Amino acid sequence: MSVTGRVVVLAGATSASGLAAAQVLSAAGARVVAVGRDEARFVSLRSLNDRLHAEGRPAVRLEVCDLTDEAAVAALAVRVHAAEGHVDGILHLVGGWRGGGGLAGQSEADYRFLAQSLTALRNVSRAFDDDLRESDAGRLALVSSTAVARPLAGGANYAAVKAASEAWTRAAAQGFAKAARDAGTPLAAAAVVFRVKSLAGQETTLAETFAGLWDSPAADVNDQIIDL
């Protein structure tokens, strides 16, 4: 198994981590679909595509989509299927930070902002769930935080949303395992949680670790929490 030839969706791809993932996955021979909400933030990815074109390599597919909009994500899935076929992998990079001020400073507005990442995860993972189950090596990965293991009062909103996102991803892992068990077939799909303290300086490590998920059998990585 390898990531070569796999169709991989990067959800929230306009960050530095999204660019690094697109670079690593493209270099490994994957077919990358980079999804972001704001088309103006695709500048770095368009520069990457210019380099890939100059080298005669396939470009990263750029898709504008509000991942918190269920109907928009369903339409995204239709477009990706038409252009690339079924999806083999998803790296969920949607996130953000708001916090401080102890529990009293954990505003409802900040929570609603942070909760968009969980909504996006739910929408994307449901839209492509059949794809991952039908792939001979489906992989779903969430980028979470070490704050889940040690939540602080000033980051309670953030830690709560990350904890809920981890629960959703681990539920997906259980669903993959149950489907394989019920069908009497070997487990082929896996869902993984990556925990990081900070992504700054870790972008390439994250990308390489995600790409490396295809080097291991699904049973070895499904429902794993991996500290980076």
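The values are calculated or read from the model by the stated rules, or taken from the named source; none is laboratory data. On a predicted model such as this, the values are computed, not experimentally measured, just so you know. Reconstructed Cβ throughout: ideal geometry from the backbone, glycine too, with neighbour counts over all protein chains shown.
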- [ ] Residue by residue through region 1-33, note down the ones that are out of contact with any Leu (no Cβ under 8 Å at 6 or more places or on another chain), surrounded by fewer than 24 Cβ atoms within 10 Å (Cβ to Cβ) and small (Gly, Ala, Ser).
- [x] Ser2, Gly5, Ala27, Ala28, Gly29
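Of everything in region 108-121 that's more than 23 Å from Ser216 (Cβ to Cβ) and in contact with a helix residue (DSSP H, G or I) (Cβ under 6 Å, 6 or more places away or on another chain), which residue is surrounded by the most Cβ atoms within 10 Å (Cβ to Cβ)?
It comes out as Leu114.
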Open item on the list: Looking at the structure I just gave you, is Ala74 surrounded by 21 or more Cβ atoms within 10 Å (Cβ to Cβ) and either more than 15 Å from the chain's Cα centre (by Cα) or modelled with pLDDT of 95 or more (or both)?
Closed with: no
TODO: Go through region 200-227 and give me each residue that's within 14 Å of the chain's Cα centre (by Cα) and either of a type in the set (Asp, Glu) or modelled with pLDDT under 95 (or both).
DONE: Glu203, Glu208
- [ ] Given the conditions (1) surrounded by fewer than 16 Cβ atoms within 10 Å (Cβ to Cβ); (2) touching a residue at least 24 places away in the same chain (Cβ under 8 Å); (3) more than 26 Å from Ala16 (Cα to Cα), report the number of the one that Asp131 does not fulfil.
- [x] (1)
- [ ] Quickly run through region 184-228 and pick out the residues that are exposed (fewer than 14 other Cβ atoms within 10 Å of the Cβ), closer than 22 Å to Ser26 by Cα and of a type in the set (D, E, K, R).
- [x] Asp215
- [ ] Kindly indicate whether any position in region 148-159 is buried (at least 17 other Cβ atoms within 10 Å of the Cβ), within 30 Å of Ser2 (Cα to Cα) and touching a residue at least 24 places away in the same chain (Cβ under 8 Å).
- [x] no
- [ ] Return the pairs, sorted by first residue and then second, in which the second residue is not acidic (Asp, Glu), the first residue lies in region 171-182 and is within 16 Å of Leu121 (Cα to Cα), the beta carbons are less than 6 Å apart, and the residues are 6+ apart or on different chains.
- [x] Ala172/Ser125; Ala172/Leu140; Ala172/Ala191; Ala173/Ala191; Ala173/Asn222
- [ ] Kindly check whether there is at least one residue in region 113-133 that is in a loop (DSSP other than H, G, I, E, B) and not aromatic (Phe, Trp, Tyr).
- [x] no
Open item on the list: List the residue pairs whose Cβ atoms are under 7 Å apart, where the first residue sits in region 1-26 and is over 19 Å from Leu142 (Cβ atoms), the second is not in a helix (DSSP H, G or I), and the two are 6 or more positions apart or on different chains.
Closed with: Met1/Ala137; Thr4/Ala28; Thr4/Gly29; Thr4/Ala30; Gly5/Gly29; Ser26/Val32; Ser26/Arg57; Ser26/Val60
- [ ] Of all residues in region 145-171, count the ones that are under 25 Å from Ser107 (Cα atoms) and either touching a His at 6+ places or on another chain (Cβ under 9 Å) or β-branched (Val, Ile, Thr) (or both).
- [x] 4
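Name the strands (runs of 3 or more DSSP E) wholly inside region 1-92 in which the number of residues that are of a type in the set (A, V, I, L, M, F, W, C) is 3 or more.
Ranges flagged: 7-11, 31-36.
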Open item on the list: When you check Arg181 against the structure, is it more than 24 Å from Lys162 (Cβ to Cβ) and either in contact with a strand residue (DSSP E or B) (Cβ under 7 Å, 6 or more places away or on another chain) or exposed (fewer than 14 other Cβ atoms within 10 Å of the Cβ) (or both), yes or no?
Closed with: yes
